[in-house]
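**Q** Handing you a structure now.
Please treat every number below as a calculation from the coordinates, not as lab data. It should be emphasised that the depicted structure is a prediction, and the values quoted were computed from it without experimental measurement. Neighbour counts run over all protein chains shown; Cβ positions are idealised from the backbone, glycine included.
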Amino acid sequence: MGPAFWAEPVNAVTNLAFIVSAILVLLAWHRTTQRSPSGLFLGLLIGIIGIGSFLFHTFATVWAAAADSLPILVFILTYLYLAVRHYIGLTMWASLIATAAYIPVSFLLVPLLSPIVGSSSGYVPALLAIFIVGILMLGRNRPLASGLIVTGIVFFFSIAFRMADEAFCAALPLGTHFMWHLLNAVVLYRLALIYLRHVEQGRTQPAS
């Protein structure tokens with residue numbers, strides 16, 4: 001609505017959902033016996049995502065945009081590595097290569113998807129990754145696979161609300177971007193919890 005700090009009050013305040021998500025993940029991590037460093041990192045990263053998004057929706061500067069987008073990218077790459085390494089069971093080097101490949105593949109997909117989903121195209125590769133890993137795990141760990149697929153469905157609707165925002169803003173200044181925040185907080189919480197449960201069950205047995 002303007003350049004003022006509170007020009008987007010709802011979009012700014014709903015970033016608290018990420019902070020709540022981070023706290024819940026950290027509490028869940030504290031209750032585990034494994035105390036996985038990766039699980040702790042995911043919880044902290046969710047909190048950083050919330051702070052970065054808050055900065056972007058208040059300051060709306062170039063540095064704030066970086067504070068918003070970079071932690072999200074770090075989460076995507078971190079979780080992708082953990083998924084292919086510990087869920088699928090690839091070796092460390094194969095997992096690193098698969099994770100690194102996500103970046104060029106995303107760059108190739110984004111211009112193809114932009115005419116369909118607009119500025120949300122950058123998040124579709126992450127959505128596809130969740131579904132792909134979930135489908136690959138169906139025959140090996142159905143509860144984990146189901147958890148990922150359900151999370152992917154939530155993420156699909158989250159992206160849909162992000163896509164609808166500009167159209168809704170024309171008639172309703174509140175828009176729908178705040179739903180992107182709320183649902184994404186659920187997505188990140190679910191992803192982190194799925195990983196923590198996997199580690200706690202002692203199923204993290206990567207290939208040597």
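**Q** If you fit an axis through the alpha-carbon atoms of helix 16-31 and take the longest principal axis of the Cα set of the chain, what angle between them do you get, 0 to 90°, nearest 10?
**A** Taking Cα atoms only, the helix is inclined about 20 degrees.
**Q** Okay, moving on. With θ set to phi - 60°, apply the Karplus curve 6.51 cos²θ - 1.76 cosθ + 1.60 along segment 110-119 and write out the HN-Hα couplings as whole Hz, x wherever there is a Gly or Pro.
**A** Result, rounded to whole Hz: 4, x, 6, 8, 3, x, 9, 10, x, 5.
**Q** Compute the helix-to-body angle for 142-171: its Cα long axis versus the longest principal axis of the chain, expressed 0 to 90° and rounded to tens.
**A** The angle comes out at about 10 degrees.
**Q** To continue, here is another question. Report the charge-dipole magnitude of segment 9-200 in Debye, nearest 20, computed about the Cα centre from +1 at each Lys and Arg Cβ and -1 at each Asp and Glu Cβ.
**A** Taking the Cα centre of segment 9-200 as origin, the dipole is about 600 debye.
**Q** Here is a further query. Cut-off 17 Å, label point 7 angstrom out along Cα-to-Cβ of His30: give me the residues of segment 175-193 whose amide nitrogen falls inside.
**A** 193, by backbone N distance to the label point.
**Q** Still on this model: What FRET efficiency do you get for Thr61 and Phe41 if R0 is 30 Å and r is their Cβ-Cβ distance, rounded to the nearest 0.05?
**A** Using R0 = 30 Å, I get an efficiency of 0.65.
**Q** If you don't mind, another one. In cubic angstrom, how much convex hull volume per residue do the alpha carbon atoms of segment 9-200 span?
**A** 116 Å³
**Q** To continue, here is another question. Do the sum for the chain: with -39,500 (n - 2.57) for every DSSP H run of n ≥ 4, divided by all residues, what is the mean residue ellipticity at 222 nm, to the nearest 500 deg cm²/dmol?
**A** -25500 deg cm²/dmol
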